[in-house]
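Visitor: Okay, here's the structure, questions in a sec.
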Amino acid sequence: MPDTTLDAYGDALRTLVHDEGLAARLGVVDLRAAYGDPSYDEKRARIEAEHAPALQTVRAETRADETARRLYRGVTRSDAAQGPAPLPWGP
């Protein structure tokens, strides 16, 4: 989904919250509110730097934790003939 579509969706939600008289109890926050007006790529880079675990951490977790390993396999190794790997919590 294009970034501008996400921004338009957030704007529409803000309008809806305001028009329904919910602004005193409900707010909408997006990356513009959190990071201002840098480019989308700059915002993504900041989010990754501030919140994403190091690649070595993710690799260690997937090696040590069976649930994480299954999720990782499902994301990276789904077989088109078989579909994605089963979810650990059921169908």
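Visitor: Net charge near Tyr40, counting Lys/Arg +1 and Asp/Glu -1 over other residues with Cβ under 13 Å of its Cβ?
Guide: -3
Visitor: How much of Thr4 can a 1.4 Å solvent probe reach, expressed as accessible area in Å² and rounded to 10?
Guide: For Thr4, the solvent-accessible surface is approximately 90 Å².
Visitor: Once neighbouring chains are kept in place and the probe is 1.4 Å, which whole percent of the accessible area of the range 1-83 is contributed by carbon and sulfur?
Guide: Within the range 1-83, the accessible surface is 55 percent carbon and sulfur.
Visitor: Can you give the net charge of the other residues whose Cβ lies under 13 Å from the Cβ of Ala12, counting K and R as +1 and D and E as -1?
Guide: -4
Visitor: In sequence order, what are the phi-derived ³J(HN,Hα) couplings for the range 55-65 according to the Karplus relation 6.51 cos²θ - 1.76 cosθ + 1.60 with θ = phi - 60°, rounded to whole Hz, with x for glycine and proline?
Guide: 4, 4, 5, 5, 4, 4, 5, 5, 6, 8, 10
Visitor: For a quick protection proxy, order the peptides 67-73, 25-31 by their average other-Cβ count within 10 Å, most packed first.
Guide: Ranked by mean Cβ neighbours within 10 Å, highest first: 67-73, 25-31.
The values are calculated or read from the model by the stated rules, or taken from the named source; none is laboratory data. Given the structure is predicted, the values throughout are model-derived calculations rather than measurements. Ideal geometry is used to build each Cβ from the backbone, glycine not excepted, and the neighbour counts take in all protein chains shown. In case anyone asks, the SASA skips ligands and DNA or RNA and just uses the protein heavy atoms, side chains included. Shrake-Rupley method; radii C 1.70, N 1.55, O 1.52, S 1.80 Å.
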